[in-house]
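What follows is a short report on a single structure.
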Amino acid sequence: MRIFASLSFAVLALASATASAQTPAAPRAPSQMVAQTPPMGWNSWNYFAEKVDDKGVRAAADQIVATGMRDAGYVYVNIDDTWEGERDSSGVLHSNAKFPDMKALADYVHSKGLKIGIYSSPGPKTCAGYEGSLGHEEQDARLYASWGIDYLKYDLCSFIPAVMMKQAPNDKAEQMRIMIAAYDKMSKALQAAGRPIVLSLCQYGWDAVWEWAPSVGGNLWRTTGDISPHWDRIYAILSQQAGLESYAGPGHWNDPDMLEVGNGRLNLAENHAHFTLWAMLAAPLLAGNDLTNMKPEIKAILTNRDVIAIDQDPLDRQGVRAYSDGEVEVWTRQLQGGAIAICVLDAGDNRYSTHPFHLNLVKLGLHGPQAGKDLWTGRPITLTDQQPIELESHDVLLVRIDTPR
Ligand code: GLA
């Protein structure tokens, strides 16, 4: 149902050429202190897509509690596209038949100690063709606040043809200004509505969004097109994150898209690697799987407290790709108290193509043996320079070193 997807890619090619060399903008004065660490929770889209309904959202909330995910930090239960119904004669938007009573649903989610998120578009229609917020921004923001909504994902979609291309044909720079103004408008509408609501920008990374999103009150912004549960797509997105690290910080995060852990045919190594690298990136951790039928090994990944602690580390420093050697990449992340996380990824499709891999600690500025913890086995590990590391294809080693030397 991604009816605007092909259009999006066409415009993306043009838009990237106009990405201006703006200086990073300071976040707007936070009257609403939200997303001080990368938001964590669950979103309906990656698994349920248009099949999401009230019952499914309640079940997800129940499972977040029952599986221990809430206590591990997952608090947002986010309804993505396809909840929208029609506007009445006063312009008030109603949810569709799948969601008989949004306020009651929000109350239910809140009663579990969780928060609730919703989705809209600045255009006339959402990506799946449902009602968008164009011309009703303040009204919709007030509606969300009255329901008790805590998070809004605002997805560009039909705003491109209906407004940007119509108002400024052949003027990409003006189209981008129109787009930024649309996000600013909803941000101000949310602030005026008086409820702290996380604002998630979804416009696929156009026009170097990381440079201006904080100045329009964006708490996170998608850096790429959509994720899918395929290793090649996950790895392609990962590759586009290197270099964006300076834009992440409290209240404003790069978003490489929601998690596919437990979805599709990702194998165990790929699920580990995906979750690990999103934690290294200080990415929002929004699980996107069917929590009711979650396998124990998937639950173990999503609730690994040590890995979550890397993602949520209070130093708020996004990880960097330190170096790569053939098909092996070494990512590092500085952590609070002088600690460091080191992730070695075998991105190769054939395990033997990358063997033997010898870790170069000197390249990481480390000297001598480094005692740490392997965060996937939970066991102590000592890394040494030129140590051979055996990894399956698409697997990772993730080590935390509290006192690096
Ligand atoms: C776009 C977004 C997705 C999802 C769908 C819903 O494709 O990028 O994350 O929200 O729209 O229609």
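Derivation of every value follows stated rules applied to the coordinates shown; laboratory data play no part. Keep in mind the model is a prediction, meaning the values are calculated, not measured. We place every Cβ from the backbone using ideal geometry, glycine too, and count neighbours over all the protein chains shown.
List of remarks:
- Within the chain, helix-based [θ] at 222 nm, where runs of 4 or more DSSP H residues each add -39,500 (n - 2.57), nearest 500: -8500 deg cm²/dmol
- Cα shape, segment 275-378, gyration tensor, a/c 1.5 rule: oblate
- Each residue of segment 159-165 was assigned a 3J(HN,Hα) from its phi angle through the Karplus curve 6.51 cos²θ - 1.76 cosθ + 1.60 (θ = phi - 60°); the sequence is 4, 5, x, 6, 10, 4, 6 Hz, with glycine and proline shown as x.
- For a 4.7 Å threshold on C-beta separation, the list of partnerless cysteines in the chain reads Cys202, Cys343.
- Amide H contacts of Trp42 (H built 1.01 Å from N, under 5 Å, at least 5 apart or other chain): Tyr76, Val77, Asn78, Ala287
- Hydrodynamic radius of segment 299-343 per Kirkwood, over alpha carbon pairs, in Å: 11.5 Å
- In Hz, Karplus ³J(HN,Hα) per residue of segment 124-129 (6.51, -1.76, 1.60; θ = phi - 60°; x = Gly, Pro): x, 10, 7, 4, 8, x
- Cα gyration tensor shape of the chain, rounded if a/c is under 1.5, else prolate or oblate by comparing a/b with b/c: prolate
- Note, ³J(HN,Hα) from phi for segment 234-251, Karplus 6.51, -1.76, 1.60, rounded to Hz, x at Gly and Pro: 4, 5, 5, 5, 3, 4, 7, 8, 4, x, 8, 4, 6, 8, 8, x, x, x
- For the chain, the longest principal axis of the C-alpha atoms and the axis of helix 5-18 are separated by about 70°.
- Close amide H pairs (under 5 Å, H built 1.01 Å from N) link Ala322 with Val330, Trp331, Thr332, residues at least 5 positions away or on another chain.
- Distant-in-sequence amide H partners of Gly85 (H built 1.01 Å from N, under 5 Å): His94, Ser95, Asn96
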